[in-house]
Amino acid sequence: MSESIINLSNYDPIAIYGTQDVYLTKIKQLFPKLKIIARGELIKVVGAEEDRIAFEKYIDMLLLQIDSYGQITEKDLVECLVMEEKENLPLKDNDLILYGKNGNLIKARTKNQKVMVKSIDSNDLLFAIGPAGSGKTFTAVALAVRALKNKEIRRIILTRPAVEAGENLGFLPGDLKEKLDPYLRPLYDALNEMLPSQKLKSYLEDGTIEIAPLAFMRGRTLNNAYAILDEAQNATDKQLKMFLTRMGEDSKFIITGDITQIDLPKKSASGLLNADKILKNIEGIDFIHLNEKDIVRHKLVTSIVKAYEKYDIN
């Protein structure tokens with residue numbers, strides 16, 4: 001038997017406990033194997049690890065319900081338990097990854113996205129290379145969030161090279177964070193689909209989830225982490241090697257990129273182009289190539305990708 005503490009900071013405890021603890025009493029009845037002690041913003045949970053993890057996921061779903069609708073009802077107490085139990089089932093033909101905001105199913109929707117989900121179970125380093133809209137980044141982030149929820153890792157590191165379409169950071173207004181945020185926005189967008197806003201805010205504040213430009217990774221060792229390098233086509237050979245060698249114990253890395261959208265200066269070669277040749281024979285590393293059949297955005301995106309493939313616009 002062991003214990004854990006759940007912090008409800010940024011939430012009104014009454015929203016979870018109910019008036020005169022009516023909801024809390026019901027919650028205790030739904031988890032009879034656990035000893036649950038609520039004191040203000042803190043909930044102490046004593047019991048077997050498996051039961052405590054299930055309870056923490058259940059509370060996350062209640063908080064997601066509050067984020068979405070401003071409150072929970074007694075009916076939600078039972079429905080969120082059913083949802084948590086479903087999330088713990090092994091992946092079946094529907095390729096469920098996790099439940100996102102508002103109970104939305106986050107799952108692999110195409111053949112190669114399903115290959116990504118399967119591959120990361122047996123490989124610690126995965127390259128997902130494909131065109132815009134093929135779901136490589138979204139799937140990678142979903143896998144990282146699932147690992148965090150399942151307590152398989154302690155933190156998520158999301159990073160990108162600060163290179164975009166010929167634009168220059170120096171010309172953007174604001175301080176360094178304000179200059180960099182537009183480059184990192186796609187990663188925030190993906191996380192916002194998967195986590196309650198207050199939970200995401202808490203994770204970002206305490207460092208459980210870190211979003212930073214690639215240059216900030218130098219000199220670090222990333223232990224017990226899920227690290228994703230997005231837009232890796234804009235990393236040079238040296239930058240890519242630097243990031244890959246940050247891998248510490250009990251960590252998984254996913255590298256995503258689109259080799260048709262390289263924004264580096266012409267004198268700088270993309271490290272992603274050479275990675276396949278350099279690393280392909282190393283056990284524990286897998287390369288997955290997505291294509292236009294994996295595009296899950298607007299139907300016109302597939303036609304746009306095909307049209308541009310006929311021209312060299314670099």
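No other residue among Leu176, Leu184, Leu158, Leu180 is open to solvent by less than 30 Å² (accessible area, probe 1.4 Å), in contact with a Leu (Cβ under 9 Å, 6 or more places away or on another chain), modelled with pLDDT under 70 and of a type outside the set (S, T, N, Q) apart from Leu180. Filtering region 141-154 to residues that are more than 14 Å from Leu195 (Cα to Cα) and buried (at least 17 other Cβ atoms within 10 Å of the Cβ) leaves only Ile153. For region 204-250, the set of residues classified as open to solvent by 60 Å² or more (accessible area, probe 1.4 Å), among the charged types (D, E, K, R) and farther than 24 Å from Gly284 by Cα consists of Glu205, Asp206, listed by residue number. For region 259-268, the tally of residues that are more than 18 Å from Phe287 (Cβ to Cβ) and open to solvent by less than 80 Å² (accessible area, probe 1.4 Å) stands at 4. The residue that is nearest to Leu204 (Cα to Cα), counting only those in region 6-58 that are free of Cβ contacts under 8 Å to residues at least 12 places away in the same chain and assigned to a strand (DSSP E or B), is Arg39. Beta carbons closer than 7 Å, at least 6 apart along the sequence or on distinct chains, pair a first residue in region 64-93 that is at pLDDT below 80 with a second that is of a type in the set (Asp, Glu) for Gln65/Asp76.
Taking the conditions (1) closer than 28 Å to Glu193 by Cβ; (2) buried (at least 18 other Cβ atoms within 10 Å of the Cβ); (3) not polar (S, T, N, Q) in turn, Ala38 satisfies each one other than (1). Residues in region 261-283 that are among the hydrophobic types (A, V, I, L, M, F, W, C) and modelled with pLDDT of 90 or more were compared, and the one that is nearest to Asp230 (Cα to Cα) is Leu272.
The values are calculated or read from the model by the stated rules, or taken from the named source; none is laboratory data. What you see is a predicted model; the values in this text were computed from it and never measured. Neighbour counts are summed over all protein chains in view; Cβ atoms, including those assigned to glycine, are modelled from backbone coordinates with ideal geometry. The accessibility values were calculated without ligands, DNA or RNA, using every heavy atom of the protein model including side chains. Shrake-Rupley method; radii C 1.70, N 1.55, O 1.52, S 1.80 Å.
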